[in-house]
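K.L.:
Quick one: the structure is below, questions incoming.
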Amino acid sequence: MIHELRVYTCLPERLPALQQRFETATLAIWERLGIRSLGFWTTMIGSSSNDLTYLIEWRSLAEREQKWAEFIADPEWQEAKAKSEADGPIVANIVSSLLKPTRFYRGFANLSE
């Protein structure tokens, strides 16, 4: 397994539009395509309160490349993105990191504590 950490920095006052897009469109498309999200967070204390951070789990880099390409090309996604950006762009910057577990990795069982 590998994990992808993605941080979206939104333009001022556009974080709610990004969250709404995830809630109303993106997550359903991901479910249909078999993309597994592990969690979403906003920044409570840190450098930017305009950030949405999330993790995706992939079985392999090949799975990531295939499914992400399917997602980006998906007509339903393209329509949802265009609709959500009707009032202007939402995201100023995206940072993506692909992470591999250390030998002492224990999973996400205790994340909610």
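The values are calculated or read from the model by the stated rules, or taken from the named source; none is laboratory data. The model shown is predicted, which means the values in this text are computed figures rather than measured ones. All Cβ positions, even for glycine, are placed from backbone atoms using ideal geometry, and neighbour counts span all protein chains on display. The area values use the complete protein model at the heavy-atom level, side chains included, leaving out ligands, DNA and RNA. Shrake-Rupley method; radii C 1.70, N 1.55, O 1.52, S 1.80 Å.
K.L.:
Excluding same-chain residues fewer than 8 positions from Lys100, which lysines have a Cα within less than 19 Å of its Cα?
P.N.:
Lys67
K.L.:
Which order do Arg21, Arg59, Arg32 take when ranked by solvent-accessible area (1.4 Å probe, heavy atoms of all protein chains), largest first?
P.N.:
Solvent-accessible surface, decreasing: Arg59, Arg32, Arg21.
K.L.:
Sort Lys81, Lys100, Lys67 from largest to smallest accessible area, using a 1.4 Å probe on the heavy atoms of the protein chains.
P.N.:
Lys100, Lys81, Lys67
K.L.:
Which is the longest run of the chain containing none of the chymotrypsin sites (Phe, Trp or Tyr not before Pro) found in DSSP loop states (not H, G, I, E, B) with at most 14 other C-beta atoms within 10 Å?
P.N.:
1-103
K.L.:
Give a quick list of GluC sites (Glu not before Pro) in the range 1-65 that DSSP marks as loop, anything other than H, G, I, E or B, with at most 15 other Cβ atoms within 10 Å.
P.N.:
Glu13
K.L.:
While we're here: Roughly how many Å² of Arg14 are accessible to a 1.4 Å probe, to the nearest 10?
P.N.:
40
K.L.:
Quick check for you: which residues of the range 49-90 have the amide N under 17 Å from the point 7 Å beyond the Cα of Lys100 toward its beta carbon?
P.N.:
Correct set: 57-65.
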